[in-house]
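Asker: Structure provided below as structure tokens; questions to follow.
The values are calculated or read from the model by the stated rules, or taken from the named source; none is laboratory data. This is a predicted model, so every value here is computed, not measured. Cβ atoms come from the backbone with ideal geometry, glycine included; neighbour counts cover every protein chain shown.
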Amino acid sequence: MKDAKSRPSQFRQRIGRVPLLMLGILSLVLGVWGGLIRVPLNLPFPTENANWITFHGPLMVCGFLGTVIGLERAVGLGKWWTYGAPLLTGAGALLLIVGVLGKKGETLLTLGSVVFVLAAAEVVRLRRELFTVVMGLGAVTWLTGNLLWLWDWPIHRVVPWWMGFLALTILGERLDLSRFQKQVRSARPLLWVALGVFLAGVVWSAFAQRLGERLLGLGLLAMALWLGRFDIARRTIRQAGLTRYMAVCLLSGYVWLAGAGILFWLRAPLEYGSSYDAALHAFFLGFVFLMIFGHAPVIFPSVLLLPINFRPVFYVHVVVLQGALLLRLAGDLGGWPGLRQLGSMGNGIALALFLANTIWSFLGPWLGGAGRRERSLGGPLDKPAGGG
């Protein structure tokens, strides 16, 4: 009886969340489309609306990642007002996508990050632990970056703050899981050093770009080494199925995080050009999207209240993404435009495969697809978001 009564409620929740998730995915698809045109690749787009190209970065960071992370946080908290964050960021991204002039889209995205900071503060109030504080700092860096963007700072000067949002959010989620393994005495002091250097770099980049970006790079490298040494994924990679898949994504992502850190350290200041492209995509594609690949089997079930249907074919988009990204970075750093184009196309294909595999993981059982179903309905306040 209890299950029967809960089904209508779950259905209503699922239906209410799907539009917000779709706004995030729309931002992803059109953000990637605009990015491919910038490479350049000859792809069609509305000639009267260049926003897909101009706002490639904001659509990916604020429109896609901000909306999806905001939705996950709202689901975990279970408070109606927290849904204002993904609603505002999704609406703001939609205004950018359809070509609305002025700062209406930027303003809505910034207001969404305000609500997200309030939600992060609520999480800290409910559970005052290191991982919630770190994620709260990530929320503040996102809001700061959005305010700078709203005040007409160039995107390349805003990027360090957006990187802070994603790096600290991911680090916080991994710290949440680290509570379930034996603690190493040196782990906490080393973490504080890595965090201190990284945050110093983010803040200092607003005043002295070269020094700030070099500190940021050193902080990214230190975080990558810390995660590679102390994250629970080192143990879970020995398991099988979905758990191993998540660990492979996470450990691979830490390698790309280290690579991004090295590029920031060696190539600062990063403004435009090939070094900028290489460093940013090592971080956002190599690190962030591998984290998304690894966490998607937890995030999407928690949002949609559906079980995951893991299949080994998930490894395909992981391999394609990294292989294509290696080509892209080789083209960037070696001065080979053709190789950069080829790698960029491969990255787009990898993201398309990721979306296709994720959608099929939910639809497969209903359409007779085979696979092993592994339910995972965790959220930031009950079960850690990331079982790898």
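Asker: Please find, within region 119-128, the residue that is surrounded by the fewest Cβ atoms within 10 Å (Cβ to Cβ) out of those that are without any contact (Cβ under 8 Å) to a residue 24 or more places away in the chain and either touching a helix residue (DSSP H, G or I) at 6+ places or on another chain (Cβ under 9 Å) or part of a helix (DSSP H, G or I) (or both). Full working, then the answer.
Answerer: As a first pass, look at region 119-128 and keep what is without any contact (Cβ under 8 Å) to a residue 24 or more places away in the chain: 121, 124-125, 128.
In the following step, the residues that additionally are either touching a helix residue (DSSP H, G or I) at 6+ places or on another chain (Cβ under 9 Å) or part of a helix (DSSP H, G or I) (or both) were identified as 121, 124-125.
Values: 121: 14, 124: 17, 125: 10.
Step by step, filter region 119-128, then rank; the result is 125.
Asker: For region 272-279, does any single residue satisfy the condition of being surrounded by fewer than 20 Cβ atoms within 10 Å (Cβ to Cβ) and without any contact (Cβ under 8 Å) to a residue 12 or more places away in the chain? Step through it out loud before you land on a result.
Answerer: Keep residues of region 272-279 that are surrounded by fewer than 20 Cβ atoms within 10 Å (Cβ to Cβ), which gives 272-276.
Okay, now just the ones that are also without any contact (Cβ under 8 Å) to a residue 12 or more places away in the chain, so 273.
Yes: region 272-279 contains one or more residues that are surrounded by fewer than 20 Cβ atoms within 10 Å (Cβ to Cβ) and without any contact (Cβ under 8 Å) to a residue 12 or more places away in the chain.
Every residue, every condition in (1) crowded, with 21+ Cβ neighbours inside 10 Å; (2) more than 19 Å from residue 299 (Cβ to Cβ); (3) touching a residue at least 24 places away in the same chain (Cβ under 8 Å), yes or no:
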residue	(1), (2), (3)
22	no, no, no
37	no, yes, no
51	yes, yes, yes
54	no, yes, no
98	no, yes, yes
101	no, yes, no
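Asker: Still on this model: Which is at pLDDT 95 or above and under 20 Å from the mean Cα position of the chain (by Cα), of 387, 378, 323?
Answerer: Numbers: 387 fails: at pLDDT 95 or above; 378 fails: at pLDDT 95 or above.
None of the other options fit; the residue is 323.
Asker: Quick one: is residue 180 under 20 Å from the mean Cα position of the chain (by Cα), of a type outside the set (Val, Ile, Thr) and over 18 Å from residue 70 (Cβ atoms)? Lay out the reasoning, then the answer.
Answerer: Values: under 20 Å from the mean Cα position of the chain (by Cα): no; of a type outside the set (Val, Ile, Thr): yes; over 18 Å from residue 70 (Cβ atoms): yes.
It is false that residue 180 is under 20 Å from the mean Cα position of the chain (by Cα), of a type outside the set (Val, Ile, Thr) and over 18 Å from residue 70 (Cβ atoms).
Asker: Okay, moving on. Any chance region 145-158 includes a residue that's β-branched (Val, Ile, Thr), touching a helix residue (DSSP H, G or I) at 6+ places or on another chain (Cβ under 8 Å) and outside any helix (DSSP H, G or I)?
Answerer: If we filter region 145-158 for residues that are β-branched (Val, Ile, Thr), which is where we start, we get 155, 158.
With the extra rule that they be touching a helix residue (DSSP H, G or I) at 6+ places or on another chain (Cβ under 8 Å), the set shrinks to 155, 158.
With outside any helix (DSSP H, G or I) added as a condition, the list becomes none.
Scanning region 145-158, I find no residue that is β-branched (Val, Ile, Thr), touching a helix residue (DSSP H, G or I) at 6+ places or on another chain (Cβ under 8 Å) and outside any helix (DSSP H, G or I), so the answer is no.
Asker: From the list 301, 297, which one is modelled with pLDDT under 95 and either hydroxyl-bearing (Ser, Thr, Tyr) or surrounded by 24 or more Cβ atoms within 10 Å (Cβ to Cβ) (or both)?
Answerer: 297
Asker: Please find, among 105, 84, the residue that is buried (at least 23 other Cβ atoms within 10 Å of the Cβ), free of Cβ contacts under 8 Å to residues at least 60 places away in the same chain and within 21 Å of the chain's Cα centre (by Cα).
Answerer: Details: 84 fails: buried (at least 23 other Cβ atoms within 10 Å of the Cβ).
The conditions single out 105.
Asker: For region 143-156, indicate whether the set of residues that are among the charged types (D, E, K, R) and closer than 28 Å to residue 277 by Cα is non-empty.
Answerer: Filtering region 143-156 down to residues among the charged types (D, E, K, R) leaves 152.
Subsequent filtering for residues that are closer than 28 Å to residue 277 by Cα retains 152.
Yes, because at least one residue in region 143-156 is among the charged types (D, E, K, R) and closer than 28 Å to residue 277 by Cα.
Asker: Can you tell me which residue within region 132-155, out of those that are in contact (Cβ under 8 Å) with a residue 24 or more places away in the chain and among the aromatic types (Phe, Trp, Tyr), is farthest from residue 55 (Cα to Cα)?
Answerer: Looking at the filtered set, the residue picked out is 142.
Asker: Right, another one. Inspect region 348-355 for any residue being buried (at least 21 other Cβ atoms within 10 Å of the Cβ), of a type in the set (Phe, Trp, Tyr) and under 19 Å from the mean Cα position of the chain (by Cα) and give the result as yes or no.
Answerer: Among the residues of region 348-355, at least one is buried (at least 21 other Cβ atoms within 10 Å of the Cβ), of a type in the set (Phe, Trp, Tyr) and under 19 Å from the mean Cα position of the chain (by Cα), which makes the answer yes.
Asker: Residue check: is residue 269 at pLDDT below 95 and under 23 Å from residue 325 (Cα atoms)? Walk me through it before giving the result.
Answerer: Working: at pLDDT below 95: yes; under 23 Å from residue 325 (Cα atoms): yes.
Here the answer is yes, as residue 269 does meet what is asked.
Per-residue answers, yes or no, for (1) touching a strand residue (DSSP E or B) at 6+ places or on another chain (Cβ under 8 Å); (2) touching a residue at least 12 places away in the same chain (Cβ under 8 Å); (3) within 21 Å of residue 286 (Cβ to Cβ):
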site: 213; (1), (2), (3): no, yes, yes
site: 218; (1), (2), (3): no, yes, yes
site: 221; (1), (2), (3): no, yes, yes
site: 227; (1), (2), (3): no, yes, yes
site: 230; (1), (2), (3): no, yes, yes
site: 234; (1), (2), (3): no, yes, yes
site: 240; (1), (2), (3): no, no, no
site: 244; (1), (2), (3): no, no, yes
site: 247; (1), (2), (3): no, yes, yes
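Asker: Does residue 192 satisfy being assigned to a helix (DSSP H, G or I), in contact with a helix residue (DSSP H, G or I) (Cβ under 6 Å, 6 or more places away or on another chain) and at negative phi?
Answerer: Values: assigned to a helix (DSSP H, G or I): yes; in contact with a helix residue (DSSP H, G or I) (Cβ under 6 Å, 6 or more places away or on another chain): no; at negative phi: yes.
When the stated conditions are applied, residue 192 does not pass them.
Asker: Given the condition closer than 17 Å to residue 161 by Cα, crowded, with 24+ Cβ neighbours inside 10 Å, touching a residue at least 12 places away in the same chain (Cβ under 8 Å) and in contact with a Ser or Thr (Cβ under 8 Å, 6 or more places away or on another chain), answer yes or no: does some residue in region 71-78 qualify?
Answerer: No, region 71-78 contains no residue that is closer than 17 Å to residue 161 by Cα, crowded, with 24+ Cβ neighbours inside 10 Å, touching a residue at least 12 places away in the same chain (Cβ under 8 Å) and in contact with a Ser or Thr (Cβ under 8 Å, 6 or more places away or on another chain).
Asker: Is it fair to say residue 112 is out of contact with any strand residue (DSSP E or B) (no Cβ under 7 Å at 6 or more places or on another chain) and assigned to a helix (DSSP H, G or I)?
Answerer: On the way: out of contact with any strand residue (DSSP E or B) (no Cβ under 7 Å at 6 or more places or on another chain): yes; assigned to a helix (DSSP H, G or I): yes.
Against the criterion (out of contact with any strand residue (DSSP E or B) (no Cβ under 7 Å at 6 or more places or on another chain) and assigned to a helix (DSSP H, G or I)), residue 112 qualifies.
Asker: Ok, one more. Could you tell me whether residue 208 is crowded, with 24+ Cβ neighbours inside 10 Å and of a type in the set (A, V, I, L, M, F, W, C)? Write out each step before concluding.
Answerer: Details: crowded, with 24+ Cβ neighbours inside 10 Å: no; of a type in the set (A, V, I, L, M, F, W, C): yes.
Considered against the rule, which asks whether it is crowded, with 24+ Cβ neighbours inside 10 Å and of a type in the set (A, V, I, L, M, F, W, C), residue 208 comes out as no.
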